[in-house]
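Worksheet: the structure to be examined is printed underneath.
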Amino acid sequence: MTVETDGGDPTVTAATAAPDAATDAEEALIEEGEIAGDYLEQLLDVLDFDGDIDLDVEGDRAVVSIDGGKDLSKLVGRRGEVLDALQELTRLAVQQATGVRSRLMLDVAGWRAKRRSELSALGTEAAKRVLETGEREALSPMTPFERKIVHDAVAALDGVVSESEGVEPNRRVVVLPA
């Protein structure tokens, strides 16, 4: 948008002079991913692990994936516990470099993607059972990441709702008739 001054010369308004916020946000996420990638590359070298690091932006968060190496399951651990810890360390490394808290998501050997699919199916199946029986169903304890996926799957169906109950580490999703 331009505005003409008294002399007829176009002047740039504040709206066009301001940087594009969406572009800035995406660039910040790309920077987060690059910082995380460098951190993880150094960590893999120290641990003597091989793996390819892939950087991406999905929605409002940077996503970093480590794939292709053997024995990457050791970086996932039992039920993703090592992966969760590694993700938190990576987020802290990004925060130290940028001064901003990161919401970066880390996946190793496709574990989170596979787990997301399993949990979505679990939530859908539980919701269908609740629709059939009219009885509430409590699922086994889950991490916040896992519960969010189940809540989203349940929310996609009419006639049922979900809520979390309990205290960490035993917090669980309960599916109820609407």
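The values are calculated or read from the model by the stated rules, or taken from the named source; none is laboratory data. Just so it is clear, the structure is predicted and the values come from calculations on it, not from any experiment. No Cβ is skipped: glycine too gets one built from the backbone with ideal geometry, and neighbour counts run over all protein chains shown.
Quick one: would you say Gly123 is in the same structural domain as Met142 (by TED's automatic domain parsing) and closer than 21 Å to Val150 by Cα? Here the answer is yes, as Gly123 does meet what is asked.
If the requirement is being under 30 Å from Pro169 (Cβ atoms), in contact with a Leu (Cβ under 8 Å, 6 or more places away or on another chain) and outside any helix (DSSP H, G or I), which of these qualifies: Val82, Val64? Of Val82, Val64, the one residue that is under 30 Å from Pro169 (Cβ atoms), in contact with a Leu (Cβ under 8 Å, 6 or more places away or on another chain) and outside any helix (DSSP H, G or I) is Val64.
Evaluated against (1) in contact with a Lys or Arg (Cβ under 6 Å, 6 or more places away or on another chain); (2) more than 24 Å from Leu72 (Cβ to Cβ); (3) not β-branched (Val, Ile, Thr), Ala126 falls short on exactly one condition, (1). Name the single residue that is nearest to the chain's Cα centre (by Cα) among those in segment 94-122 being buried (at least 19 other Cβ atoms within 10 Å of the Cβ) and of a type in the set (Gly, Ala, Ser). Here the answer is Ser102.
Restricting segment 66-85 to residues that are under 16 Å from the mean Cα position of the chain (by Cα) and touching a residue at least 24 places away in the same chain (Cβ under 8 Å) leaves a set whose member that is surrounded by the fewest Cβ atoms within 10 Å (Cβ to Cβ) is Asp84. Can you name every residue in segment 123-147 that is modelled with pLDDT under 95 and either crowded, with 20+ Cβ neighbours inside 10 Å or among the basic types (Lys, Arg) (or both)? Once the filter is applied, which keeps residues that are modelled with pLDDT under 95 and either crowded, with 20+ Cβ neighbours inside 10 Å or among the basic types (Lys, Arg) (or both), segment 123-147 yields Met142, Glu146.
Residues in segment 39-51 that are surrounded by fewer than 14 Cβ atoms within 10 Å (Cβ to Cβ), in a helix (DSSP H, G or I) and touching a helix residue (DSSP H, G or I) at 6+ places or on another chain (Cβ under 9 Å): 1 in all. Within segment 113-122, identify whether any single residue is touching a strand residue (DSSP E or B) at 6+ places or on another chain (Cβ under 8 Å) and modelled with pLDDT under 95, and answer yes or no. The answer is yes; a qualifying residue exists.
Within segment 135-178, the set of residues being among the acidic types (Asp, Glu), closer than 19 Å to Gln87 by Cβ and touching a Lys or Arg at 6+ places or on another chain (Cβ under 9 Å) comprises just one member, Glu146.
Checked against the criteria, Asp54 does not count as part of a helix (DSSP H, G or I) and either assigned by TED's automatic domain parsing to the domain that holds Leu119 or acidic (Asp, Glu) (or both).
Can you tell me which residues in segment 148-173 are in contact with a Gly (Cβ under 6 Å, 6 or more places away or on another chain) and surrounded by fewer than 19 Cβ atoms within 10 Å (Cβ to Cβ)? Within segment 148-173, Arg172 is the sole residue that qualifies.
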